[in-house]
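Data first, discussion second: the structure below is written as structure tokens.
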Amino acid sequence: LAQQRLLIKGGKVVNDDCSVVADVYVEDGVVQQVGPNLNPEPSTGLVVLDATNKLVIPGGIDTHTHMQFPFMGSRSKDDFYTGTKAAIAGGTTLIIDFAIPQKGCSLIEAFDTWKSWADPKVCCDYSLHVAVTWWSNKVKEEMKTLVQNKGVNSFKMFMAYKDVYMVNDEELYAAFSCCKELGAVAQVHAENGELIAQGAKKMLAMGITGPEGHELCRPEEVEAEATQRAITIANAVNCPLFVVHVMSKSAAKVISNARREGKVVYGEPIAASLGTDGTNYWNKDWAHAAAYVMGPPLRPDPSTPGFLMSLLANDDLSVTGTDNCTFDICQKALGKDDFTKIPNGVNGVEDRMSVIWEKGVYSGKMDENRFVAVTSTTAAKIFNLYPKKGRIAVGSDADIVIWDPKATRTISAKTHHQANNFNIFEGMVCHGVPVATVSRGKVVYEGGAFNVIAGEGKYVSRPPFPPYVYKRVRQREQV
């Protein structure tokens, strides 16, 4: 109970629209006052955090994680405990994970399974997207149940992973139509799965078995083509579209152009695509190269991260996630003789905020307000969590990070809190470090020490028809 009342003093409160020097007073997990020189009574039992010369920002929202995900013959290393613990160390206070059913299986059962994994373990709040991996009337009914009874307002369709998760254009059209009826946001993994399958055969036939074959068989245009196709289909049914893990210049340009044409589409670059590149696939050390394998792959053009960051800074791209799906070097070795068997996935949940500050704010591409928008606020708006999440204001949840813009840290697998023995940002020096993380009004991380137990986080329901997304969609329907 000692942590029920909290005062954050002397910092600069940064929201997506303005910054102001103010104290923040929190009680029962909710922000009660924001203003100068607050002196809440009684002073006994009040926890005070000094934020002088620091920024006080809304906790990060990671729109894309895969904790303890059974995938490609293995299971990702970070479970909901280590994954969310690493998240709060990095300044993230809400993750949105993916419940992914096998083809022919129940979406509701997948949702319940993921929730049963997460609830006893999470150290911060979480929510769940649900994947649509096949189509039938049963799937349609289950989507309705998930939206109306389970707090789900986003569904993801895979255009890749042929014979595993991939859906065709007809199924995409049906799923998008259903999303629009229900007031959900449609998400796509945009890559041409058919071309990837053919490309992989071709590479293996040529004797290319290493990690570089992964990128060679799924080049940029395979991502750009699927992105364009998804946008075209979504636009045909007037359904809002969210393109996950934007990895290439060409896919980013497709999204940027569509937005300028007035289409309701959002792009999500991830920490990996903003902070590193695909030249690593040609590293002489197999384990190093394999550690970077993810789908879609990182791009070998070294100017890609800077290009994506510029688009993110200027609202051509909207939010940031991580696609955090970690496999250690032993798990990656499942594909030592065949790149198609290397489990796809990289880290990011702990490093996202610092990487974006370094590459975005410190480099001069974006200001502190845009940083808050792309790491938290816009995601809260798109997925209908705003203003409970993604803002520091009276009545908002007290998910708050004290951020030191002057401090630096060096990212390393030796010091990170993730369960993995490799970090794709190894050795990167980042300005911008979370000094303390507050989740639901409790200081869960401060000065390198945790004060949190498994299961303290909560599942967060997301109502349908997020106004930020659906106001335009509804008006267009009427017109």
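The values are calculated or read from the model by the stated rules, or taken from the named source; none is laboratory data. As the structure is a computational prediction, the values presented were derived from the model and not from experiment. Neighbour counts are summed over all protein chains in view; Cβ atoms, including those assigned to glycine, are modelled from backbone coordinates with ideal geometry. The area values use the complete protein model at the heavy-atom level, side chains included, leaving out ligands, DNA and RNA. Shrake-Rupley method; radii C 1.70, N 1.55, O 1.52, S 1.80 Å.
Values for this structure:
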read-out: Other-chain or far-sequence residues with amide H under 5 Å of Val30's (modelled H); value: Ala398
read-out: Burial ranking of peptide ranges 24-32, 471-479, 113-121 (average Cβ count within 10 Å, highest at the top); value: 24-32, 113-121, 471-479
read-out: Net charge of neighbours whose Cβ lies under 14 Å from the Cβ of Cys18, counting Lys and Arg as +1 and Asp and Glu as -1; value: -1
read-out: Tilt relative to the chain, helix 169-182 - C-alpha long axis, 0 to 90 degrees, to 10; value: 30 degrees
read-out: Cross-link table Lys156/Lys388; Lys77/Lys388; Lys77/Lys332; Lys115/Lys458; Lys140/Lys180, entries beyond 21 Å C-alpha to C-alpha; value: Lys156/Lys388; Lys77/Lys388
read-out: Length-normalised contact order for the chain - Cα pairs under 8 Å, 6+ apart - percent; value: 22 percent
read-out: Accessible area per residue in Å² at 1.4 Å probe, computed on the chain; value: 35 Å²
read-out: Rounded to 10°, Cα long-axis angle of helix 304-313 versus longest principal axis of the chain; value: 50 degrees
read-out: Estimated inter-spin distance, Thr44 and Trp286, nm [label 7 Å along Cα→Cβ]; value: 6.7 nm
read-out: Karplus (6.51, -1.76, 1.60) ³J(HN,Hα), θ = phi - 60°, over the range 257-265, in Hz, Gly and Pro reported as x; value: 5, 4, 5, 5, 7, x, 6, 8, 9
read-out: Accessible-area composition of the range 1-40, carbon plus sulfur, in percent [1.4 Å probe]; value: 51 percent
read-out: Estimated vicinal HN-Hα couplings, Hz - the range 60-67 in sequence order (Karplus 6.51, -1.76, 1.60; Gly, Pro = x); value: x, 10, 8, 7, 7, 9, 9, 8
read-out: For Ser154, residues with placed amide H under 5 Å, excluding near neighbours; value: Val130, Val185
read-out: Using alpha-carbon coordinates, inclination of helix 193-205 to the longest axis of the chain, degrees; value: 60 degrees
read-out: Surface/4 of the Cα convex hull for the chain, nm²; value: 20.8 nm²
read-out: Span from the the range 207-245 Cα centroid across to the the range 120-156 one, whole angstrom; value: 23 Å
read-out: Debye, to nearest 20: dipole size of the chain, +1 on Lys, Arg Cβ, -1 on Asp, Glu Cβ; value: 460 debye
read-out: Mean residue ellipticity (222 nm) of the chain, computed from DSSP H runs ≥ 4 via -39,500 (n - 2.57), nearest 500; value: -9000 deg cm²/dmol
read-out: Hz values of 3J(HN,Hα) by residue in the range 459-466 - Karplus curve (6.51, -1.76, 1.60), Gly and Pro given as x; value: 6, 10, 6, 10, x, x, 6, x
read-out: Size-normalised alpha-carbon gyration radius of the range 93-245, reference 2.2 N^0.38 Å; value: 1.12
read-out: Descending semi-axes in Å of the range 178-311, equivalent ellipsoid built from Cα gyration tensor; value: 29, 17, 11
